[in-house]
Amino acid sequence: METFNIIIVGVGGQGLITLNNIIAQAAFISGYDVKTSELHGLSQRVGSVETHLRLGKKVYSPLVVKGKADLVLGLEITESLRAISFSNPKTNFLINNNYISFMENISHKEIEEKIKLSVKKNLYLISASEICKEKLQKEVVSSIYLLGYAVYKKLIPLEEESVLKAIEKVIPEKYLELNIKAFKLAKV
Amino acid sequence: MKKEILLGNEAIVQGALEAGVDFVSGYPGCPSAEIGQGFLDIAKKQGIYAEWSTNEKVALEAAIGASFSGLKSLVNMKSFGLNVCSDSLFPLAYTGTKAPMVIVVADDPSCWSSAQSEQDSRGYAYLSRIPVIEPSDPQEAYEFTKLAFEISEKFNTPVILRITTRMAHQRAPVSLIKNPPLPRLRRAMGEFVKNPHQFCTMPPRVLEMKKELLEKIEKIEQYAEKSQLNKIDKSKKPAKAGIIASGVAYLHAKEAIAELNLDLPILKLGLFYPLPEKKIKEFIKPLKKVLIAEETDPYIEKEIKILAKDANLKIEIFGKGLLPEIGELNYGKIAKALAKILGIKYKEPKIAVADLPRRHPQICPSCPYWLAFSAIKKSAPEGTVFAGDIGCNMLAGVLPHNIQDFLFSMGASIGIGHGVKKSTNQKVIAIMGDGTFFHAGIPALINAVYNKSNLLVFILDNRITAMTGHQQNPGMGKTGDGEDAPMLKIEDIALACGVKNIKVLDPANFGELENTIKDFLNKEEVSLIISRKICALLVKRQQKNGNI
């Protein structure tokens, strides 16, 4: 397999690094080489955050180059639109249709229209936050729901079994059941 | 051999433990904070000593004390920390170490989480004559940390392990030796054996020491020629072009070669200083062209231009110009440069751009700074100069606050603020956090009082060093590993520094805060307000962990 490039985007504090760790661990369990790159500190304070994750037979660089992402995992819709610079016509966008407003005056609807126009048929715009709030009373696991969706829809080259093992490894025990539920909720 | 996924910084901790580190000191900064924290989390269990020091100079000095007493030490800091501790770093090169010492310095190309400057700390190698090692991934971070201790032990020199954001925060599988070091029952204690001949830099001895240092570096140069830190990835067939790379740039270069399906040799320099001159000369001798890939300043490039005068006059050397001197590299940038050098086609991907305004970092929604910033903004008369400082408080400079007229380095708000106050008739408010006050604010405050300034120092005391991920500081009554410690009160320190007007307020007491600012701005002497309220994130975390 050629190297598979994932960009995870969102806003500081949304749990990007946890999601990144689960995917990295799952790739490792599946026998892939894997490298990720993340940012901490200033960039985390409610600002835009992106992590890069590459998996494949042999991975050298930890960074995804612009235009080369195979999958954009978006935990927030504005940041997902921003990540369009990493995409090409084949890139899949799996996005939680969750809008976190910021100082600028752009509406959720505007962003939604823009992203539909730019990404077209490769767009998977999912109401993960709402689904998790409704079914599990916890919005915080929406990123795990999104990962489940990616796995079950085969948008990511990882099997259910290895991802579940990775979740067990990364998530603290007291939140494990909730996270597994969120993951499996995406299986329809 | 066991393999697990580690963050670069975690791999450094692992390597140091295996090397038998006894004593760890540091100051939290991004992207190095997980190193110090990693040691503090396990120090008690593992039987080692670890601390968050008040600043990097003190951190280095603590480690020097440990080294002189026979303990293996590691100091951790971000790039600018090296500037802070440089005053003691240079004499340390002269005295040398007794027990081995590794200084981890984390640079931040692209300034992802650094104000101040895009510093390439490798330059300190030339100033101090201290060996500098550059790992490129977590596997090397683990191995090179151990090697750094070995080199330090062999040559009685401190060794700088220079990392960058994309090394520190890179996660990858690491092969670890099977048995990690067993926890010690008791932490190691050394003995300070007096030896002023080695430890005192008093002239004229100091010049003798310089001679000894130069001789030592010559020996390390010979070592560099054979060291496994520098390696050549040979091409399958003899090639006319090659790459010399260091740090993460090596990974990008490997990726670029694979992407372009090329067969080029790479000389990877893991030891930046001193360079293996013979090895480099042999590498460039058969080549017509060579690309130098390093982050961010062209230090290696300049060295190679000099070496080429002996080894290969005709070789074309490419580096900056084709590769940027600002910002980090990636494999796309290197692939493009290689294509240009080799005259091959490189199809750059078409990049779509979303026309979106930047989402600036912000203070958190329930952060107590909102109230404090608002009070400052509302009470300061027009023309007031707002002096910025490092930490969460530097977000005073972004919308909607916009109260930051300059931003420099730790503690500089008071230092520069004093200069502005003495040079103008304007009001000056220096805005600084509690961690920064302890780190570098106190000498500046003394200077302002002593020289009869009358600026207003506004301390945002959120009871923690927050920006870098919640590390303890001297104001908290806890040491880095959570033990009870004397709680140093900023108001007591200010009083002892001769500040006449001091007030401690909860920012929720908004009216009084406003009135105090207005009142203090009209004082003839230095004034100091402490806006004290615990960091909102910390409250959340404590609730989550059941500490409240």
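Does residue A:115 count as on the phi < 0 side of the Ramachandran plot, surrounded by fewer than 18 Cβ atoms within 10 Å (Cβ to Cβ) and within 12 Å of chain B (Cβ to nearest Cβ)?
No.
Are any residues in the range B:335-378 aliphatic (A, V, I, L, M), farther than 30 Å from residue B:261 by Cβ and within 14 Å of another protein chain (Cβ to nearest Cβ), and if so, which ones?
Across the range B:335-378, the qualifying residues are B:354, B:356, B:363.
Among the numbered criteria (1) under 25 Å from residue B:541 (Cβ atoms); (2) part of a strand (DSSP E or B); (3) at the interface with chain B (Cβ under 8 Å from one of its Cβ atoms), which single criterion is violated by residue A:8?
(3)
Do we find that residue B:125 is buried (at least 24 other Cβ atoms within 10 Å of the Cβ) and in a helix (DSSP H, G or I) in this structure? Can you show your working first?
Numbers: buried (at least 24 other Cβ atoms within 10 Å of the Cβ): no; in a helix (DSSP H, G or I): yes.
Answer is no for this residue.
Quick check on the range A:43-59. Is at least one of its residues of a type outside the set (Val, Ile, Thr), within 8 Å of chain B (Cβ to nearest Cβ), within 26 Å of residue B:329 (Cβ to Cβ) and crowded, with 24+ Cβ neighbours inside 10 Å?
So far as the range A:43-59 goes, no, none of its residues is of a type outside the set (Val, Ile, Thr), within 8 Å of chain B (Cβ to nearest Cβ), within 26 Å of residue B:329 (Cβ to Cβ) and crowded, with 24+ Cβ neighbours inside 10 Å.
Can you tell which of B:315, B:363, B:334, B:376 is more than 25 Å from residue B:111 (Cβ to Cβ), in contact with a helix residue (DSSP H, G or I) (Cβ under 7 Å, 6 or more places away or on another chain) and outside the structural domain of residue B:428 (by TED's automatic domain parsing)?
B:315
Tell me, please, whether a residue that is surrounded by fewer than 24 Cβ atoms within 10 Å (Cβ to Cβ) and in contact with a Leu (Cβ under 6 Å, 6 or more places away or on another chain) can be found in the range B:77-89.
Checking the range B:77-89: at least one residue is surrounded by fewer than 24 Cβ atoms within 10 Å (Cβ to Cβ) and in contact with a Leu (Cβ under 6 Å, 6 or more places away or on another chain).
Which residues, taken from the range B:1-42, are within 13 Å of chain A (Cβ to nearest Cβ), hydrophobic (A, V, I, L, M, F, W, C) and surrounded by fewer than 24 Cβ atoms within 10 Å (Cβ to Cβ)?
If the condition is that a residue be within 13 Å of chain A (Cβ to nearest Cβ), hydrophobic (A, V, I, L, M, F, W, C) and surrounded by fewer than 24 Cβ atoms within 10 Å (Cβ to Cβ), then B:5, B:6 are the ones that fit.
Considering the range A:85-101 alone, what residues qualify as being within 11 Å of chain B (Cβ to nearest Cβ) and surrounded by 23 or more Cβ atoms within 10 Å (Cβ to Cβ)?
Result: A:86, A:87.
Residue by residue through the range B:237-263, note down the ones that are under 20 Å from residue B:346 (Cβ atoms) and more than 14 Å from chain A (Cβ to nearest Cβ).
Answer for the range B:237-263, where residues must be under 20 Å from residue B:346 (Cβ atoms) and more than 14 Å from chain A (Cβ to nearest Cβ): B:239, B:240, B:241, B:242, B:263.
Would you please name the residue that is surrounded by the fewest Cβ atoms within 10 Å (Cβ to Cβ), looking only at residues in the range A:11-27 that are hydrophobic (A, V, I, L, M, F, W, C) and assigned to a helix (DSSP H, G or I)?
Here the answer is A:17.
Among the numbered conditions (1) within 28 Å of the chain's Cα centre (by Cα); (2) within 26 Å of residue B:395 (Cα to Cα); (3) in a loop (DSSP other than H, G, I, E, B), tell me where residue B:507 comes up short.
Here residue B:507 meets the rest and fails (1).
What pairs come out if I take residues in the range B:416-436 that are not assigned by TED's automatic domain parsing to the domain that holds residue B:475 and in a loop (DSSP other than H, G, I, E, B) and pair them with residues that are modelled with pLDDT under 95 and among the hydrophobic types (A, V, I, L, M, F, W, C) whose C-beta lies under 7 Å away, six or more apart or interchain?
none
I'm trying to understand the selection: among the residues of the range B:502-540, which are small (Gly, Ala, Ser), under 25 Å from residue B:467 (Cα atoms) and touching a helix residue (DSSP H, G or I) at 6+ places or on another chain (Cβ under 8 Å)?
B:508, B:531
Within the range B:168-186, how many residues are within 22 Å of residue B:37 (Cα to Cα) and loosely packed, with under 15 Cβ neighbours inside 10 Å?
Summing the residues that are within 22 Å of residue B:37 (Cα to Cα) and loosely packed, with under 15 Cβ neighbours inside 10 Å in the range B:168-186 gives 6.
Which residues, counting only those in the range B:165-208, are in a helix (DSSP H, G or I), within 14 Å of chain A (Cβ to nearest Cβ) and not hydroxyl-bearing (Ser, Thr, Tyr)?
Within the range B:165-208, B:166, B:167, B:168 qualify.
Please count how many residues of the range A:166-177 are over 14 Å from residue A:22 (Cβ atoms) and either in contact (Cβ under 8 Å) with a residue 12 or more places away in the chain or assigned to a loop (DSSP other than H, G, I, E, B) (or both).
Matching residues across the range A:166-177 total 0.
Among the residues of the range A:74-91, write down those that are assigned to a helix (DSSP H, G or I) and either farther than 20 Å from residue A:12 by Cα or free of Cβ contacts under 8 Å to residues at least 60 places away in the same chain (or both).
A:77, A:78, A:81, A:84, A:85
Among the residues of the range A:28-41, is any touching a Leu at 6+ places or on another chain (Cβ under 7 Å), more than 10 Å from chain B (Cβ to nearest Cβ) and either crowded, with 24+ Cβ neighbours inside 10 Å or part of a helix (DSSP H, G or I) (or both)?
No; the residues of the range A:28-41 include none that is touching a Leu at 6+ places or on another chain (Cβ under 7 Å), more than 10 Å from chain B (Cβ to nearest Cβ) and either crowded, with 24+ Cβ neighbours inside 10 Å or part of a helix (DSSP H, G or I) (or both).
Of everything in the range A:3-19, what is under 14 Å from residue A:64 (Cα atoms) and not aliphatic (A, V, I, L, M)? Give them in sequence order.
A:3, A:4, A:5
Where the second residue is assigned to a loop (DSSP other than H, G, I, E, B) and of a type in the set (A, V, I, L, M, F, W, C) and the first is closer than 17 Å to residue B:294 by Cβ and lies in the range B:163-177, which pairs have Cβ atoms under 6 Å and are six or more apart or on separate chains?
B:165/B:112
The values are calculated or read from the model by the stated rules, or taken from the named source; none is laboratory data. Keep in mind that this is a model prediction, so the values were computed, not measured. Heads up, the Cβs are rebuilt from the backbone with ideal geometry, glycines too, and the neighbour counts pull from every protein chain shown.
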